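Please read the structure below before turning to the comments.
The values are calculated or read from the model by the stated rules, or taken from the named source; none is laboratory data. These numbers were taken from a predicted model, which means no experiment stands behind them. Every residue, glycine among them, receives a Cβ derived from its backbone with ideal geometry; neighbour counts consider all protein chains shown.
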Amino acid sequence: MELRDYLRIARRRWLLILGTLLATTAIAAVITVNTTKQYSSTSRVFISTSPSNSSDAYQGGLFSQQRVASYADLITGLELSQRVIDDLDLDLSAAALAGKITASVVPDTIILKIDVTDPSPVQAQRISDGVVSQLQDFVAELETPPGRDNPLLKATIVDPPRLPTAPVSPQPTRNLGLGLVLGLLLGLGLAVLREVLDTSVKRIEDVPGLKDTPLLSVLAFDNDVARDPLISSLPSHAPRAEAFRVLRTNLSFVDVDNRSKSFVITSSVPSEGKSTTAVNIAIALSSAGQNVLLVDGDLRRPQIARVLGLEPSVGLTTVLVGMEDLKNAVQQHVQSGLDVLTAGRIPPNPAELLQSHAMQELLGEARDRWDTVIIDAPPLLPVTDAALMAAQTDGAVLIVRHGSTTKDQVAGAVERLRSVGSHPLGVVLNMVRSNRGGSYGYGYGYGYGYGPQTEEPARRGWLRRRKGVTVS
């Protein structure tokens with residue numbers, strides 16, 4: 001990954017990063033507040049010999065340096081701790097007291113630095129006094145050979161224990177700083193991990209099968225679509241209306257040498273916003289002066305009649321079974337002037353009807369009578385209907401829901417088109433949520449399925465309203 005990739009991930013996953021940052025900082029704050037304060041009393045002890053003459057001074061210095069490291073270990077031992085307990089009458093075990101004491105040698109010296117920590121500053125100083133006192137006696141005992149009255153080494157206090165005025169722990173500034181840094185790193189790590197594990201389509205280039213397929217439009221998500229889905233009811237300067245005019249223009253440049261007169265609008269899976277997209281593409285083309293026929297080819301879950309407020313009982317199936325001719329079955333949407341062939345009654349055998357000779361004749365007649373024929377088809381992966389219709393037209397416009405449809409689903413849809421000799425004319429990336437203002441476009445989704453229809457519980461209504469209930 002390059003730096004710009006990390007910046008893109010940070011912009012997209014900023015809520016995750018911020019949440020992790022706040023969580024770790026809060027944890028650091030809670031730990032800091034609930035940690036018992038510890039005070040430290042420090043003393044320094046000089047370990048030296050008592051040479052009888054100047055010739056012994058050098059040897060005495062070497063002897064002291066060899067011994068001082070050993071005494072640093074003895075200070076934290078159980079023997080010295082027990083002596084301090086007995087001397088001060090402490091209600092502690094030797095191991096517990098030893099855990100409060102640390103000792104180290106000041107580099108390049110024969111000075112011992114002794115630290116004693118305790119929740120009470122007074123007790124810390126008291127124990128530190130006891131440790132230094134017992135150390136002096138201990139050194140004298142160990143360094144006095146049999147038959148001699150004076151020890152070879154002595155421990156001299158050069159810096160007596162003082163009463164601490166501020167705790168050494170916890171350190172709020174350090175803890176909160178570490179919480180912020182760790183939160184930022186953890187948040188970025190989680191964001192990158194989620195991005196790596198997220199196989200949904202963010203860019204068309206991410207799908208190998210679409211590398212040479214033009215991106216016709218990027219449509220931003222808009223909650224208002226649930227209330228007012230048609231661009232014909234919007235002012236001409238509305239961003240949604242402008243978005244479809246841009247899409248209309250891009251469609252005119254697709255396959256210029258073999259101008260497409262008929263194509264299907266489909267998607268990989270349900271809930272990608274294909275039906276309302278198909279309606280508005282047709283309205284945009286019609287408003288430019290083209291003679292357009294919109295056909296609802298979804299004979300399993302038809303939506304066009306409901307969206308446009310047309311009669312649903314007469315339509316495509318009525319013509320295919322010979323109960324009505326195409327001219328009489330077509331309805332006109334008054335608001336937009338668009339010619340529409342609804343799905344008609346839902347048949348028991350959609351696939352057979354769509355690949356029948358009657359369907360081929362209907363499409364041939366439609367191409368002769370209208371400049372452009374747009375067919376709203378079912379999703380490609382659940383059923384074969386869309387692929388069957390795409391094979392009888394000039395191709396398919398594939399609707400892909402940004403951040404939801406997976407790369408494998410799109411690749412599978414493209415493969416299904418190519419397996420019947422068709423191909424995607426272009427891609428519309430739909431429902432793109434952007435933090436940047438001023439972008440044209442919109443998107444929609446709808447609860448689409450081919451299983452038995454069940455009524456959605458009312459308690460989920462608020463969530464659907466927040467997300468924008470839309471048409472697939």
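Looking only at residues that are of a type in the set (Asp, Glu) and not in a helix (DSSP H, G or I) in segment 127-176, which one is farthest from Tyr71 (Cα to Cα)?
Among those residues, the one meeting the criterion is Asp149.
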ask   = Taking segment 193-214 as the region of interest, how many residues are polar (S, T, N, Q) and either loosely packed, with under 15 Cβ neighbours inside 10 Å or in contact with a Lys or Arg (Cβ under 9 Å, 6 or more places away or on another chain) (or both)?
value = 2
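Looking at Leu97, Leu92, which is the one that is free of Cβ contacts under 8 Å to residues at least 24 places away in the same chain, surrounded by 14 or more Cβ atoms within 10 Å (Cβ to Cβ) and either under 22 Å from Thr35 (Cβ atoms) or among the aromatic types (Phe, Trp, Tyr) (or both)?
Leu92
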request  = Only residues that are under 17 Å from Leu215 (Cβ atoms), out of contact with any strand residue (DSSP E or B) (no Cβ under 7 Å at 6 or more places or on another chain) and of a type outside the set (Lys, Arg): list them for segment 367-420, please.
outcome  = Ala411
query = Which of (1) surrounded by 24 or more Cβ atoms within 10 Å (Cβ to Cβ); (2) on the phi < 0 side of the Ramachandran plot; (3) in contact with a strand residue (DSSP E or B) (Cβ under 8 Å, 6 or more places away or on another chain) does Val292 not meet, given it meets every other one?
reply = (1)
query = Exactly one of (1) assigned to a strand (DSSP E or B); (2) of a type in the set (A, V, I, L, M); (3) surrounded by 24 or more Cβ atoms within 10 Å (Cβ to Cβ); (4) at pLDDT 90 or above is unmet by Met431. Its number?
reply = (4)
query = Which residue, of Ser232, Ser217, is buried (at least 16 other Cβ atoms within 10 Å of the Cβ), over 28 Å from Val414 (Cα atoms) and not hydrophobic (A, V, I, L, M, F, W, C)?
reply = Ser232
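Yes/no per residue for (1) closer than 25 Å to Thr405 by Cα; (2) part of a helix (DSSP H, G or I); (3) touching a residue at least 40 places away in the same chain (Cβ under 8 Å):
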site	(1), (2), (3)
Ser236	no, no, no
Ala243	yes, yes, yes
Leu247	yes, yes, yes
Leu251	yes, yes, yes
Val254	yes, no, yes
Phe263	yes, no, yes
ask   = Of all residues in segment 108-121, which are surrounded by fewer than 18 Cβ atoms within 10 Å (Cβ to Cβ), more than 50 Å from the chain's Cα centre (by Cα) and either without any contact (Cβ under 8 Å) to a residue 12 or more places away in the chain or in a loop (DSSP other than H, G, I, E, B) (or both)?
value = Asp108, Thr109
key: Residue pairs meeting the criteria (Cβ under 7 Å; at least 6 apart or on separate chains; first in contact (Cβ under 8 Å) with a residue 24 or more places away in the chain, in segment 122-136; second β-branched (Val, Ile, Thr) and in a helix (DSSP H, G or I))   = Ile127/Val84; Gly130/Val84; Val131/Ile75; Val131/Val84; Gln134/Val84; Leu135/Ile75
task = Say whether the condition of being touching a residue at least 12 places away in the same chain (Cβ under 8 Å), in the same structural domain as Leu316 (by TED's automatic domain parsing), closer than 19 Å to Val279 by Cβ and buried (at least 16 other Cβ atoms within 10 Å of the Cβ) is met by at least one residue in segment 349-360.
result = no
request  = Would you please name the residue that is nearest to Ala28 (Cα to Cα), looking only at residues in segment 161-175 that are surrounded by 14 or more Cβ atoms within 10 Å (Cβ to Cβ) and either free of Cβ contacts under 8 Å to residues at least 24 places away in the same chain or touching a strand residue (DSSP E or B) at 6+ places or on another chain (Cβ under 6 Å) (or both)?
outcome  = Ser169
